[in-house]
Amino acid sequence: MSTQKPRYATITGTGAYLPEKVVTNFDLEQMVDTSDEWIRQRTGISERRIAEDDTATSDLSVQAARRAIKRAQIDPVDIEMILVATVTPDTFFPSTACYVQKGIGAKNASAMDISAACAGFLYGLDLADGLIKSGRYDTILVVGGEVFNNIIDWKDRSTCVLFGDGAGAAVVQSTEEPKGILASYIGSDGDYADINLLGIPAGGSRMPLTAEGLDRKLDKIQMNGREVFKLGVRLMPEAAQRVLRQANVTVEEIDLLIPHQANLRIIEAVGDRLGVPREKVYVNVDKYGNTSAATVIIALDEAIREGCAKPGDLILLVTFGAGVTWGSTLLRL
Ligand code: UT7
């Protein structure tokens, strides 16, 4: 008979870092044909943080990671793997995770990026959970970080009002206590891999960036907002229900739902479809806009700091993004 004790993966420290520069809806009114009223009504966003021109995703990620490491009370050399979820890597290669490794001095880690758009952080948590439960790893740093500043067309009102910059990080460690990640699920549907739905057309091997491409702004985000909206409202409740079933947990038992922070109307629709009362749905999209791979971990960190997420609480994280990709994690803090 096996004497092996069960292993669980738990978050022992979180951290977030938002750039100082605040761009309000009123600032955007000066740049494009929009209004504070339109942006708040359609998205729930009032302001977002934007990184300085010389700031890259790894710069924000290192700051968030340092905070998470401090709260987990570990030494960076104890980290065995670094996973950075981002759609705005510092460079195609080396990976942003390698820059983060250098920045935090995690000399003993392997490092790689995750490309799963806004679902990336939960992809990272899912991988960390599996690798820790398998017994191969004890300490993994998962980061979600984005600097959208350079891939936004600041003259396109349909996208420039939505996004913001920021990073969040979690130290995930093994434990024998039955807590931490209770259930996790990630998925994708490549039938929706369409840059007209959501993506950046040029700059990769499909369409190298040329002078003409630059003129046509093919290096900037393109999005069909309405279609993405409908997908989010359908996919997130489905993903959330899946982990609830996996863990045999009812919606009533959830202490806090943290959905991807892209649009307040999507967040409320997801909560309503799941039957989670509004006071249990965490919202900070008003302050930061959509920080893509960073939204759920920035929100979890903030909820912990504010006392909305306490030790022992049952937290449901759910997200979706380009690809399309989606993911959901059920956590006992
Ligand atoms: O992480 C995932 C990434 N993305 C998302 O989750 C985005 C999902 N989609 C959305 O959040 C919403 O679809 C948007 C906020 C992007 C747009 O809201 P909507 O209610 O779907 O508006 P719409 O695209 O149908 O546009 C309505 C009108 C249009 O004008 P007409 O054709 O009715 O005359 C747009 O041109 O609003 C106009 N419009 C704007 N007006 C003022 C679009 N953007 C703006 C703007 N300011 N910034």
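The values are calculated or read from the model by the stated rules, or taken from the named source; none is laboratory data. Note that the coordinates shown come from a computational prediction; the quantities given were computed from them, not determined experimentally. Cβ placement follows ideal geometry from the backbone for every residue including glycine, while neighbour counts extend to all protein chains displayed. Just so you know, the surface numbers come from the protein's heavy atoms only, side chains and all, with ligands and any DNA or RNA stripped out. Shrake-Rupley method; radii C 1.70, N 1.55, O 1.52, S 1.80 Å.
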### Task
Can you tell me the 0 to 90 degree angle between the C-alpha axis of helix 264-274 and the longest principal axis of the chain, rounded to 10?
40 degrees
### Query
Which number do you get for Rg(Cα) / (2.2 N^0.38 Å) in the stretch 8-177?
1.12
### Query
With the chain treated as a Gaussian network of Cα nodes joined by springs under 10 Å, which of 222, 173, 73 yields the largest mean-square fluctuation?
73
### Task
Compute the long axis of helix 225-247 from its Cα atoms, compare it with the longest principal axis of the Cα atoms of the chain, and write down the angle in degrees, 0 to 90, nearest 10.
0 degrees
### Query
When only Cα pairs under 8 Å and 6 or more residues apart are kept, what is the percent relative contact order across the chain?
25 percent
#### Entry: Ratio of Rg to Rh over the stretch 1-86 (Cα coordinates, Kirkwood Rh, two decimals)
1.20
### Query
Carbon and sulfur atoms: what percent of the 1.4 Å accessible area of the chain do they account for?
48 percent
## Note on the structure
Expressed in square angstrom to the nearest 10, the accessible area of residue 302 with a 1.4 Å probe stands at 20 Å²
### Message
Given 25 °C and 0.890 mPa s, compute D for the stretch 57-156 with the Stokes-Einstein relation, Rh being the Kirkwood radius over Cα pairs; round to the nearest whole µm²/s.
### Response
179 µm²/s
### Task
Could you list, in their original order, any pairs among 70/280; 70/287; 5/70; 70/220; 220/287; 217/287 whose Cα atoms are separated by more than 30 Å?
70/220
#### Entry: Charge sum, other residues only, whose C-beta stays under 13 Å from residue 177's C-beta, Lys/Arg counted +1 and Asp/Glu -1
+3
### Task
Among 64, 299, 269, determine the one that fluctuates most according to a GNM of the chain built with springs between C-alpha atoms less than 10 Å apart.
269
### Task
Would you give the gap between the C-alpha center of the stretch 220-237 and the C-alpha center of the stretch 40-89, rounded to a whole Å?
24 Å
## Note on the structure
Rh (Kirkwood, all Cα-Cα pairs) for the stretch 182-332, Å, reads 16.4 Å
### Residue of 281, 143, 171 that the Gaussian network model of the chain assigns the largest fluctuation, springs spanning Cα pairs under 10 Å
281
### Task
Just the number, please: percent antiparallel of the DSSP beta bridges in the chain, rounded to the nearest 5.
70 percent
### Message
Pairs of alpha-carbon atoms within less than 8 angstrom and 6+ residues apart define the contacts here; what relative contact order does the stretch 182-332 have, in percent?
### Response
35 percent
### Query
Just the accessible area per residue of the chain, please: how many Å² with a 1.4 Å probe?
45 Å²
### Query
What's the angle, to the nearest 10 degrees (0 to 90), between helix 57-72's Cα axis and the longest principal axis of the chain?
30 degrees
### Query
In square nanometres, what is the average projected area of the Cα convex hull of the chain?
17.1 nm²
### Query
So, counting K/R as plus one and D/E as minus one, what does the shell of residues with Cβ under 15 Å around residue 217 add up to?
-1
#### Entry: Virtual spin-label span in nm between residue 248 and residue 151, 7 Å along Cα→Cβ
4.2 nm
### Task
Kindly provide the helix-only [θ] at 222 nm of the chain, computed as the sum of -39,500 (n - 2.57) over DSSP H runs of four or more divided by all residues, to the nearest 500 deg cm²/dmol?
-10000 deg cm²/dmol
